[in-house]
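Right, one structure below, let's go through it.
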Amino acid sequence: MTRRLLSLAAALLLGGLASAQSFDANFSGGTLRLDYVFCGDVNHQAIYFRQAYRGGEWAGRRHNLSTPPLRGNGQVQVLDPESGAVLYANSFSTLFQEWQATEEAAHVQKAFENCILVPFPLRPAIVEITLLDTHAQVSSRIRHRIDPSDILIRPLTDNGLETIPLRESGSLQEAIDIVIVSEGYSPADREKFFRDAARADAALFSHEPFTTYQGKFNVRAIFAPSEESGVSIPGSGQWRRTAVNSHFDTFYSDRYLTTSALWTLYDLIGTVPSEHVIVLANTAKYGGGGIFNSVTIMNSDHPTFVPVLVHEFGHAFGGLGDEYAYGENPETLYPADTEPWEPNLTTLVDFGSKWEDLVPEGTARPTPPDPVEAQDVRRIWDSLSAGEKASLNCKVGVYEGAGYQMQGVYRPVQECRMRINECEEFCPVCYRSIIRIIGYYTTSTKTDSL
């Protein structure tokens, strides 16, 4: 264990103990669900508040309340209306902000659903939602008052859906709570869903660092039956009536599987405790998606089920960025003058906040790749020796080409689970980042040396 990681873990523990009292002083222990519409186009954005709900017991953190673990593409703050003090904060990303980088966003305005969960306040509070652009500048913001005694806050009740525990590691206050929700499973597919959900749980916790820290997670599976089996594939003219209306061909990318029906999804979750949501889609078609602190959606039956699930959860849980790059990408998500918030990407604007401490002294920037990188590594991966794989996956440097861009964005290693499915492991930087997120949620002092 490095001295820096020990200091981080100790700080998280002390911060958690100190802010537990702050939580009890300001929040009831229940959940406040806030539904919003995020809308606009590439040039103009707006946020509209729709509805507030009183949910079940709060499953989120009760420590580290005032600062989110990562900047994200958006942030929520619950503020004291008199002092302006931050009582709770979190960060997130949205499908809407991804859409803004598409060509369509230059020609039409669209609206997207979003749900945000915060602890239920004891007294009237101000909720502030902020969206950030690719330069980390505010693109839209809304502030509105929430009065916990408001009679129009709709109570959520048990929706009667069958829910079973797949992993029980601790109380809601001690563990990170994941729910797996069925999508495209008809009533006749009930048993298949629970088998698939168990496969998803096993897949996730067979990968480090989740294996080591599996005792920090609870996992529950919710069976929400769909009218039809399978999911919609617009490119093939297939439309299905399913629980959360997911579909492939998002933004006209045939493998991008998403759902825009977040209000419906959270209706199905109801009062089941949840911090992170995995939607399991009943299809053998390759694809999925993961949006930070929003949702992971995943096909159930493609041969790459295991690596793709872990990759997408890396996005949604760990805030990790994609480390692959395209030959041409006209719309950059990572401008040269701004440091990405994702912990495994850098433009070198603020490299000291990333993995500079893990780069051996004297390493060139950019770092030249190993000779084997001149080949199609994905094709030959299984033929590489253990030493060659370790060099590609563990030799930390500053390798150019990441975040969909061939130039100007850098990744920590040559090959990682966040770059190719064939690579079995997260790199040291992604590994450390996930540990930090787990520690942030749980105040655990346990960590692995790198």
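The values are calculated or read from the model by the stated rules, or taken from the named source; none is laboratory data. None of these values were measured; they are calculated from a predicted model. As a convention, Cβ positions derive from the backbone with ideal geometry for all residues, glycine included, and neighbour counts pool all protein chains shown. Side chains included, ligands, DNA and RNA excluded: accessible areas come from the protein's heavy atoms. Shrake-Rupley method; radii C 1.70, N 1.55, O 1.52, S 1.80 Å.
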For THR264, are the conditions met, namely being within 22 Å of SER226 (Cα to Cα), in contact with a strand residue (DSSP E or B) (Cβ under 9 Å, 6 or more places away or on another chain), free of Cβ contacts under 8 Å to residues at least 60 places away in the same chain and open to solvent by 20 Å² or more (accessible area, probe 1.4 Å)? yes
From (1) open to solvent by 50 Å² or more (accessible area, probe 1.4 Å); (2) touching a strand residue (DSSP E or B) at 6+ places or on another chain (Cβ under 8 Å); (3) part of a helix (DSSP H, G or I), pick out the condition that doesn't hold for PRO225. (3)
Out of all the residues in the stretch 274-300, which are without any contact (Cβ under 8 Å) to a residue 60 or more places away in the chain, open to solvent by 10 Å² or more (accessible area, probe 1.4 Å), assigned to a loop (DSSP other than H, G, I, E, B) and not aliphatic (A, V, I, L, M)? LYS285, TYR286
Among residues of the stretch 143-171, those that are among the aliphatic types (A, V, I, L, M), assigned to a loop (DSSP other than H, G, I, E, B) and open to solvent by less than 70 Å² (accessible area, probe 1.4 Å), counted: 3
Return the total of residues in the stretch 111-142 being assigned to a strand (DSSP E or B), touching a helix residue (DSSP H, G or I) at 6+ places or on another chain (Cβ under 9 Å), closer than 24 Å to PRO335 by Cα and open to solvent by 20 Å² or more (accessible area, probe 1.4 Å). 2
Among the residues of the stretch 67-106, how many are of a type in the set (Phe, Trp, Tyr), open to solvent by 10 Å² or more (accessible area, probe 1.4 Å) and without any contact (Cβ under 8 Å) to a residue 60 or more places away in the chain? 0
Kindly indicate the residue of the stretch 18-29 that is assigned to a helix (DSSP H, G or I) and among the small types (Gly, Ala, Ser) and also farthest from the chain's Cα centre (by Cα) among those meeting that condition. ALA25
Being part of a loop (DSSP other than H, G, I, E, B), out of contact with any Phe, Trp or Tyr (no Cβ under 6 Å at 6 or more places or on another chain) and either buried (at least 20 other Cβ atoms within 10 Å of the Cβ) or of a type in the set (Asp, Glu) (or both) narrows it down to one residue among VAL413, VAL349; which is it? VAL413
